[in-house]
1. Is there a simple number for the mean count of other chain Cβ atoms within 10 Å of the Cβ of residues in A:155-161, and what is it?
2. With a 10 Å radius around each residue's Cβ, average the other Cβ atoms per peptide and rank A:253-261, B:249-257, B:205-213, B:92-100, highest first.
3. So what's the angle, to the nearest 10 degrees on a 0 to 90 scale, between helix B:222-237 and the longest Cα principal axis of chain B?
4. For the protein assembly as shown, what mean projected area does the convex hull of the alpha carbons give, in nm²?
5. How long are the three semi-axes of the equivalent ellipsoid for chain B, computed from the Cα gyration tensor as the root of 5 times each eigenvalue, in whole Å, largest first?
6. Using only the alpha-carbon atoms, how far is helix B:2-29 inclined from the longest principal axis of chain B? Give it as 0 to 90 degrees, nearest 10.
7. Treat the stretch A:125-181 as a sphere of radius equal to its Kirkwood radius over Cα pairs and apply Stokes-Einstein at 4 °C in a medium of 1.567 mPa s; give the translational diffusion coefficient in µm²/s, rounded to a whole number.
8. Can you give the mean number of other chain Cβ atoms that lie within 10 Å of the Cβ atoms in peptide B:112-119?
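Laboratory data are not the source of any read-out in this text; all were calculated from the coordinates shown. These numbers were taken from a predicted model, which means no experiment stands behind them. Don't worry about glycine lacking a Cβ; one is built from the backbone with ideal geometry, like all the others, and counts go over all protein chains shown.
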């Protein structure tokens with residue numbers, strides 16, 4: 001009998017019960033759905049990035065724009081670690097340094113082309129992520145913060161002291177991307193428009209890598225792994241009880257953060273063609289963290305806004321250049337005190353899409369049971385059952 | 001050899017003083033106070049400011065040092081209480097990440113606030129300790145070094161007395177064990193936490209003045225590395241444990257002293273942080289720390 005049932009259950013295809021009522025299709029329009037709006041916004045942002053060199057291709061603008069894009073990449077990477085997985089990494093710039101130095105050394109000392117160095121960079125960053133993550137991710141969050149801080153300092157001091165990294169003066173003359181005999185330095189012309197080397201780099205590497213990086217990180221967060229990260233962030237014990245391998249989830253967040261930072265480091269090495277240990281101080285780890293926190297941890301648009309703010313603030317607020325770190329510090333405290341989810345929170349809903357919940361009817365004399373009815377039951381006045389509520 | 005031990009002891013006593021504040025705050029509210037290293041820096045700058053205001057420079061008098069020390073301790077203690085009140089108390093029930101980020105913000109604010117006031121360049125500390133000394137047991141010892149070590153030891157003894165023998169100390173230990181339980185027993189939790197911040201910050205301020213007098217120059221970023229080192233010391237000794245922080249500080253001073261003698265001075269910090277990572281992964285409770293249950 002039981003076996004028959006077993007057999008039957010095994011071979012009868014299981015189907016979900018038919019829905020009790022037809023659900024309306026969720027709206028898909030640009031202004032009627034959150035998703036549609038975010039996609040449109042993303043498209044506009046990508047278009048702006050693509051059109052920028054046609055509006056202003058001066059060396060200054062291109063340089064600032066490329067730096068800002070690199071910041072966006074870094075912040076998206078840190079957002080995976082801090083925003084999604086909830087691991088405070090204070091030495092994040094170390095992975096940036098690993099990326100920059102590995103690509104710098106492979107192209108200048110070993111003479112590899114940049115695309116080959118990119119592969120080496122990614123491998124090195126994955127390795128670095130595992131080396132740092134494996135022993136430390138079992139620690140509690142605040143220990144992790146200080147260990148990563150120590151690790152960041154170790155990387156910087158090591159780069160400062162070793163010969164192969166060029167010591168305090170760093171590495172110079174890092175070549176740009178090249179394929180065979182042609183390199184970005186040559187530039188090229190298409191349809192009668194001349195593309196100088198900085199614009200080519202901006203287009204074909206920085207912008208593309210960052211757009212892919214932003215979309216990739218955002219989509220990772222929506223998948224199975226991303227949900228595991230968020231579960232670990234919200235309650236590690238509960239996540240573990242639900243069958244999530246929290247260790248794997250954390251270390252994968254760490255590795256992905258490391259790869260993002262490594263690619264950003266590679267871009268920066270190519271962009272500036274020179275790197276030195278001073279670019280990898282704790283200050284920059286803190287700045288990236290600030291960008292993520294100010295924008296909104298775990299929120300892609302928020303983090304992009306934060307990254308642009310932090311990277312462009314010194315350019316826009318030249319008069320306040322001296323004051324900006326102080327302002328950032330105060331802002332960090334103020335944001336944490338009054339708006340801990342940031343400028344554009346991850347759970348933000350567009351204001352015009354906010355569903356108006358029906359409010360429960362307020363208690364009025366009209367809805368209360370008249371005292372006379374109560375009295376008529378047993379002749380004695382009963383205490384108003386809602387008296388406590390009204391008080 | 002003996003010289004290395006002696007040097008290690010001096011640096012170690014600075015570390016121990018700063019580590020005590022870290023350890024106390026961590027023990028009582030489980031907060032990693034990133035701004036603690038900057039309180040040390042503030043201590044040095046308060047001393048600098050006071051002495052400069054009176055037009056004193058290149059002084060070598062030790063009583064003057066003691067007066068400045070006391071003044072700095074009170075000032076930094078009050079600043080510590082203020083920071084706790086403004087930045088940490090409202091977040092006491094928030095997730096840990098939020099408080100940690102706030103602490104970084106406070107640290108930044110202090111560092112760059114001092115930079116705006118005193119400028120980015122290192123300043124010469126007005127009290128210099130004389131460097132003439134005598135040889136004992138094959139090591140070169142100066143009178144001022146002895147004074148520094150003695151001050152550090154006295155401060156630690158006073159602290160140990162407060163925590164272990166007084167009513168306030170008992171309240172601190174009660175809160176460290178169980179804040180809710182302590183509150184139910186009538187302990188004024190907010191006031192005791194403020195007091196812990198006062199004591200911890202005062203010790204860090206004292207260390208700052210002493211370091212200023214010992215090294216002779218101060219700058220607005222001097223607290224960053226020592227904050228990290230003091231945390232290492234607290235972890236080595238077992239965070240939350242007072243004697244552990246003292247032991248860890250002295251031990252770290254020695255380790256660094258020997259490490260830089262063997263591997264070269266430029267690797268000193270790498271050596272110290274390597275120890276931090278090693279300790280945290282192999283023995284996170286430190287040498288004297290009690291085994292704590294993390295899950296609840």
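1. Details: counts 1, 2, 7, 3, 0, 2, 4.
Shielding by partners across A:155-161 averages 3.
2. On the way: A:253-261: 27.4, B:249-257: 23.7, B:205-213: 30.2, B:92-100: 17.1.
By packing density, highest mean first, the sequence is B:205-213, A:253-261, B:249-257, B:92-100.
3. Around 60 degrees separate the two axes.
4. Working: hull surface 189.6 nm².
Over all viewing directions, the protein assembly as shown projects a mean Cα-hull area of 47.4 nm².
5. Details: eigenvalues 177, 104, 67 Å².
After scaling each eigenvalue by five and taking roots: 30, 23, 18 Å.
6. 20
7. On the way: Rh = 13.8 Å.
For the chosen part, D equals 94 µm²/s.
8. Working: counts 10, 5, 1, 4, 4, 0, 0, 0.
Counting Cβ atoms of other protein chains within 10 Å of each residue's Cβ and averaging gives 3.
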